[in-house]
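The values are calculated or read from the model by the stated rules, or taken from the named source; none is laboratory data. In this text the structure is predicted, and so the values were computed from the model without any measurement. We place every Cβ from the backbone using ideal geometry, glycine too, and count neighbours over all the protein chains shown.
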């Protein structure tokens, strides 16, 4: 059974301080720390592009685990901000890593829900094709499309990338999924003429309405109770969103991880960056992950510790 064996990530070292910009945006530290929960955002260098961030995440992965590149069979990249429209950026990652010609490479255009959707796709793709080693990348540098004068986006989004190594000898197997889309509300988060526009209230209302219901649905589908889950990793939309989900679901807040103060909302990379940190904590049997945002869409999954079955 295909599951997650290891995760690598890359967060650029460059930071832009929200504290230093609070007067520019007519805001205060309470909003920065307690509403968005981001004191500074990570920003890539001008000469770094989407595939470059992904390659650096892979280099981090290789520091943790021995990977024989000639054994990789699939590469999937989650991004809505590729290097260019043509070629697909996963092909550029393939080139940079000098992977075999037999590797299947393709991009998936999804944002904040993308990592969870991507897990379902790569698991299914690998299993139906008899593959045993694959890479799921996330790299969506929003600094490419953010208006630095827009308070709704400039203070929130940061750049980063991740790569999850999927094998048939995993640390975590991949349980049930749920999915959903509210296309009629997609105008709450759009990109026109290469500039991101977000209705923060609309995104909050969406998450607060649909995600608590989805949590209950997936737990029921998996024959689990909320108390059975050891950790919850939600898309790191903002501190206010995470706090609201805790209140509306009754989850023990000690089981919910929020940790983007130093680098910001990294879109499809937000879940795997946090998952990377707890992947080898074998006190956790079940990890609930949920991504939600652009589309408006969501997907949730329960990861099961292969060592504690």
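Per-residue answers, yes or no, for (1) in the same structural domain as residue 55 (by TED's automatic domain parsing); (2) within 26 Å of residue 37 (Cα to Cα):
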position	(1), (2)
165	yes, no
183	no, no
202	no, yes
206	no, yes
212	no, yes
225	no, no
228	no, no
Test residue 39 against the criterion of being surrounded by fewer than 22 Cβ atoms within 10 Å (Cβ to Cβ), closer than 30 Å to residue 148 by Cβ and either touching a residue at least 40 places away in the same chain (Cβ under 8 Å) or in contact with a strand residue (DSSP E or B) (Cβ under 8 Å, 6 or more places away or on another chain) (or both), and give yes or no. yes
Before we move on, is residue 262 touching a strand residue (DSSP E or B) at 6+ places or on another chain (Cβ under 9 Å), without any contact (Cβ under 8 Å) to a residue 24 or more places away in the chain and either under 22 Å from residue 110 (Cα atoms) or in the same structural domain as residue 212 (by TED's automatic domain parsing) (or both)? no
Residue that is nearest to residue 24 (Cα to Cα) [pool: residues in region 102-143 that are touching a helix residue (DSSP H, G or I) at 6+ places or on another chain (Cβ under 8 Å) and surrounded by fewer than 18 Cβ atoms within 10 Å (Cβ to Cβ)]: 106
Cβ pairs under 7 Å, 6+ apart, first in region 105-118 and without any contact (Cβ under 8 Å) to a residue 12 or more places away in the chain and outside the structural domain of residue 164 (by TED's automatic domain parsing), second part of a strand (DSSP E or B) and surrounded by fewer than 24 Cβ atoms within 10 Å (Cβ to Cβ): none
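For a quick check of your reading: which strands (runs of 3 or more DSSP E) sit entirely within region 183-255 and have at least 3 residues that are touching a helix residue (DSSP H, G or I) at 6+ places or on another chain (Cβ under 7 Å) and in contact (Cβ under 8 Å) with a residue 24 or more places away in the chain?
Details: elements: 189-192, 195-198, 231-234.
Correct list: 231-234.
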